[in-house]
Structure formats: structure tokens, C-alpha cells
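Heads up, the thing below is written out as C-alpha cells.
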Amino acid sequence: MASARSSFYFVPLLVLLLLSLYSSASAAAAASSSSKPSSRSGTAGNATDTARLGPGKELLKYRRIRALLKKLNKPSLKTIQSPDGDLIDCVPFHLQPAFDHPEFKGRKFLDPPERPKNDTFTAAGGGSSRAGEVVAQAWHATGEECPEGTVAIRRTTEKDLLRASSLRRYGRKPARRGVRRDSTSSGHEHAVGYVNSEKYYGAKASVNVWSPRIGDPSEFSLSQIWVISGSFGNDLNTIEAGWQVSPELYGDSNPRFFTYWTTDAYQETGCYNHNCRGFVQTTNKIAIGAAITPESVYNGRQFDITLMLWKDPKHGHWWLQLGSGLVVGYWPSYLFTHLARHANMVQFGGEVVNTRPAGSHTATQMGSGHFPSEGFDRAAYFRNLQVVDWDNNLIPAVNLKLLADHPGCYGIQGGSNGYWGSYFYYGGPGRNVKCP
């Protein structure tokens, strides 16, 4: 009995002792945790940081990112890893984003369009060894190609979306009210040549490729052709194509081949590249949004791209050609209101965004970053400026007007000769003593 009684008392005492030790250890751990807040400050599990960020909002943003990636990135037959980090997806033609548009359901591949008459190709530099045409992109260095029946599309990544200032407006230019050609009140600055005295059905030009310095990651610098119709109010229709440096959109400072369109002055319609259902790509050779290589060198060899946009007389769609004959694709006519008929203006030139970082003009460069007075080998240029008339003829762009809305920051100077036809040099460094 004594042995049984001692065991009876021993078990409760042991339990009490263990409970006491557990309570002491828990209190010590809590005290240690409260006295060392920095030990977890850099981790994702920090409850304080999570509360500050708002777990509900972060989860909602994550879900939106995943949904947008699923919408933009279509199933591919093959993926090519570009040396610059891009992923190029070889997407079956009928699965590209344009086919998400209800107007495009059941549409078939179109026959090649009727090209404008008098479409000839002129190389840069009059045969000079210091100038050449570019149709190469960084991903071509792999030697891989997308299969026939597919189109090459640059994949949108989670990093691309996380850089965006707005998920809702991802892949669009900033919304602008009361857009004017010079856009002096919107933070967009231009140096352009333009014609606006006729009805236009296309345009063609060659532009040399640079990698201008960007002063702030939210800004961009581009060189392009605009085909425009409507007023410069909320009914503005544009089709745009050229090269662009945009760290926010692409994550680097490489010049990239790009497209854009809008039907309401950049408010709610349109987008860059394949970031919405609009442009229909027909080639497997070029990826819109991919880097162009090589680039022009200051006081060295120049490389340019030739762009042509025109309205197909048979179907009325607006087509895009790169180089001496590579048809990239088209914008269906049903996307537009005014451009469904014709354009009433064509612009060639450069554009930058000036957010006035630190209260002064941006140091974002346009073109080569040098003023047009420096001329060939140093300044950016557009050459062989042409437009398409009502009868599908390519003709010189006559009565060309030149405009630099901030000439102390970015300038423009034009001319004409027998080899380059109508041309101009343009661009500049942005902030300088004449551009505070």
C-alpha cells in the first residue's frame, strides 16, 4: 500500500513540475521575441509588416497578377530563351490574344495584303559601310525559330506586372485629357515632322536605332510613326510603330520594337504590343516587344529599321511591315472609328515622358541624346519619309512641317536630297543649361 500511495503522489507532482517548466519557457520565449524585433524584420512572415501592407490587398493583387498573366500568355508549342532574359513563346496563330476579341471569333488567316505601289527599299548611307539596316532581335542569336503556323510573342512575366504603376492600365500609355499634338500639358514632349493636308492611307520611313538614357524608371523614350485620325480630343484614333526604351514596361534599357493603338485618345482602348486584344500578328520571325540588335554607335556605324503602315484596299485593315518586306501583322478595321476610313495626319519623330523628377526637367534623352545640329553618325534621324495616297501609291511626304515643343531640350532640323528624300535629324539630351 505504501508503494502504491507514494506512486499516487509522485505522478501529480511530476505533472505540476512539467507544467511549471513549460510556462516558464513560454514566458522566456515571449520576452526574448519582444526584446528582439529585428530578428524577423526582413522575413515574409513578419506579422507587423503583413498588417502594414494589408494581407487582404496583397492577396487580391497576387490573384489579379495571376489572372492577368493567364490572360496575356497563351499556350505555346515552343519557348525560346533569349540571351537578354526574354522568353519568346511560339503561340499557334489562332490562340494569340487578338482572337479573344468577340469580333474575331471564327476568323481565318488572311491572304497577304496588297502592298502599296512604288514600294522600293533604300539602304541607309548611300552604300556607306557606316550604315546598315536592322531586322534582327536579341532572341535570334539562339539560332532557334518558331515553327510554321505559330507567331513569336514575348512572354509577360510576374516581374513585368510588379513594375507596373497600375495593373488595370498595364501595357497602356498614361491616360491624357485634352490631348494636343504637342502635348505640352501632359508631360509628353515631342520633336516631330508631320503632314496633315490630305487624306492618308499609310506611311513609310527609316529611323536609326539608339538606346537613349532614361532619367527615371517611370519614363520612356521612343521613336515612331503615328497614323492619326479624329480630333485631338477624346475621339483620337492612332496607330503607332517604332522602337522604344521603357524600363517600367520591359525591365531594361534596351531599344525594343513596339506597336500601339488607341481609339479614344489613350483613355480606355488600345495598348502596347499584345497587351490587349487588338493587333493580329502573322509572322513567326519577329516578336513585338523584343529587343532590337545591333544599335547605332555615336560617331560610328549607324543601324536603322524601315517601317511601313498601310490600309489594305481590299479588306480595309491597317498592316505593318518591317524591313524590306517582312509583314508583321495588322490592326483589324473594326477596332477603329475614324481610322476605319482613312487618316488625316501622319507624324514621324520622337517622344519622351517628362515627370520632372526632383522638380526639374528630366534627363531622359531622345534619339541619340544629341541635338540634330551634330548630323549623321551622331544625331538620330528619320529618312525617306513617304505617305500612301487614296490609290495605294507610296509618294513623298510633301509640305512636311517640323515641330519641337521644347526645342531647348529636344530639337529637330529637316532637309531633302536625292538619296534620303525628305528627312530630318531630331532629339536631344533633355535637361541642360537651356532646359532647366
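Projecting each Cα onto the charge dipole of region 243-374 (Lys/Arg +1, Asp/Glu -1 at the beta carbon, about the Cα centre), which of 361, 247, 262 comes out farthest on the positive side?
Positive-most Cα among the choices belongs to 262.
Cβ neighbours within 10 Å, averaged per peptide: list 415-426, 86-97 in order, most packed at the top.
Those peptides, ordered most packed to least, come out 86-97, 415-426.
Enumerate the amide H contacts of residue 290 below 5 Å, restricted to partners 5 or more residues apart or on another chain; note that Pro and chain-start residues carry no placed amide H.
257
Rounded to the nearest Å, what's the spacing between the alpha carbon centres of region 344-392 and region 247-266? Just the number, please.
15
Sequence-distant or interchain residues sharing an amide H contact under 5 Å with residue 262, placed H: which?
Here the answer is 238, since their amide H atoms fall under 5 Å of that of residue 262.
HN-Hα J couplings of region 297-312 from phi, Karplus 6.51/-1.76/1.60, θ = phi - 60°, integer Hz, Gly and Pro as x?
Each residue's phi maps through the Karplus curve to give 10, 4, 6, x, 6, 9, 10, 10, 10, 10, 10, 9, 10, 7, 8, 5 Hz.
Rounded to whole Hz and in sequence order, give me ³J(HN,Hα) for region 222-237 from the Karplus expression 6.51 cos²θ - 1.76 cosθ + 1.60, θ = phi - 60°, writing x for Gly and Pro.
Working through the residues one at a time gives 9, 9, 7, 9, 10, 10, 10, 8, x, 8, 8, x, 7, 9, 5, 10 Hz.
Leaving ligands, DNA and RNA out of it, rank 57, 71 by accessible area with a 1.4 Å probe, largest first. All intermediate terms of the calculation are to be shown ahead of the outcome.
Values: 57 155, 71 130 Å².
Largest accessible area first, the residues go 57, 71.
The values are calculated or read from the model by the stated rules, or taken from the named source; none is laboratory data. As the structure is a computational prediction, the values presented were derived from the model and not from experiment. Reconstructed Cβ throughout: ideal geometry from the backbone, glycine too, with neighbour counts over all protein chains shown. Surface areas here come from the heavy atoms of the whole protein model, side chains and all, with no ligands, DNA or RNA. Shrake-Rupley method; radii C 1.70, N 1.55, O 1.52, S 1.80 Å.
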